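Have a look at the structure below, then the notes.
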Amino acid sequence: MIIAILTGGISSIKLFKHLTRREMFFWLHLNIALCIFGAAYFINSESVILCFIMILLVTFLYQALTSALFIYQTEVLQDKGLSIAITFRIGMFAVLTIYVETIFKTLSTSFVFYVCGISQVIAVIFVDLLLVETKGLQFKEKKHVYNPIIKNKLVCHSEQIIPP
């Protein structure tokens, strides 16, 4: 598990140099969804080793996604917004940690994996529809990409926002 986490974080930094932010989030979420669906399938077919391999892949991909997400957040969020986003994330992990045992005792493991896989598919759609690309933008442009007041003053050209 530790190796999956470390290599996921390191590979994320390497991928971030070669892919756009949207491409990276899209493909990582999609592959996480496929691996989670694979884990659910292998649990149902009682292939424990293959399920474990899928969970290791999810761990690797999730760590790559987390590193990329943190970099993206620091690019586009202002100081207070970044603090709120990080606090919300920590809070969500705390809530999940508290209830994860209850969830797995109440529901079947494969059902929980299918729900997690569906949430990743929703994330893929969210990334495709709403995520603004920041690769190639100047620092000031990145900080105002999601600010509706300043964004109205900028002219959008395909995937880049260029000041008038």
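The values are calculated or read from the model by the stated rules, or taken from the named source; none is laboratory data. Note that the coordinates shown come from a computational prediction; the quantities given were computed from them, not determined experimentally. Positions of Cβ are generated from backbone atoms using ideal geometry, with glycine treated the same way; all protein chains shown enter the neighbour counts.
Table: residues versus (1) of a type outside the set (D, E, K, R); (2) modelled with pLDDT under 90; (3) farther than 15 Å from Cys116 by Cα.
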{"site": "Tyr41", "(1), (2), (3)": "yes, no, no"}
{"site": "Leu50", "(1), (2), (3)": "yes, no, yes"}
{"site": "Thr59", "(1), (2), (3)": "yes, yes, no"}
{"site": "Gln63", "(1), (2), (3)": "yes, yes, yes"}
{"site": "Leu69", "(1), (2), (3)": "yes, yes, yes"}
{"site": "Leu77", "(1), (2), (3)": "yes, yes, yes"}
{"site": "Ser83", "(1), (2), (3)": "yes, yes, yes"}
{"site": "Phe88", "(1), (2), (3)": "yes, yes, yes"}
*Members of segment 57-84 that are touching a residue at least 12 places away in the same chain (Cβ under 8 Å) and over 20 Å from Ile13 (Cβ atoms)*: Gln78
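Results for (1) of a type in the set (Gly, Ala, Ser); (2) modelled with pLDDT of 85 or more; (3) outside the structural domain of Leu69 (by TED's automatic domain parsing), shown as yes or no for each residue.
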residue	(1), (2), (3)
Ile98	no, yes, no
Tyr114	no, yes, no
Gly117	yes, yes, no
Ile122	no, yes, no
Leu137	no, no, yes
Lys142	no, no, yes
*Within segment 10-43, count every residue that is in contact (Cβ under 8 Å) with a residue 12 or more places away in the chain and more than 23 Å from Ile122 (Cα to Cα).*
2
*When you go through Phe113, Phe104, Phe16, Phe42 one by one, which is the residue that is under 30 Å from Lys140 (Cβ atoms) and among the aromatic types (Phe, Trp, Tyr)?*
Phe16
*Could you say whether any residue in segment 34-48 is surrounded by fewer than 16 Cβ atoms within 10 Å (Cβ to Cβ), among the β-branched types (Val, Ile, Thr) and either within 29 Å of Val132 (Cβ to Cβ) or touching a helix residue (DSSP H, G or I) at 6+ places or on another chain (Cβ under 9 Å) (or both)?*
yes
*Select from segment 68-82 the residues that are within 14 Å of the chain's Cα centre (by Cα) and surrounded by fewer than 19 Cβ atoms within 10 Å (Cβ to Cβ) and list them in ascending order.*
Leu69, Phe70, Ile71, Gln73
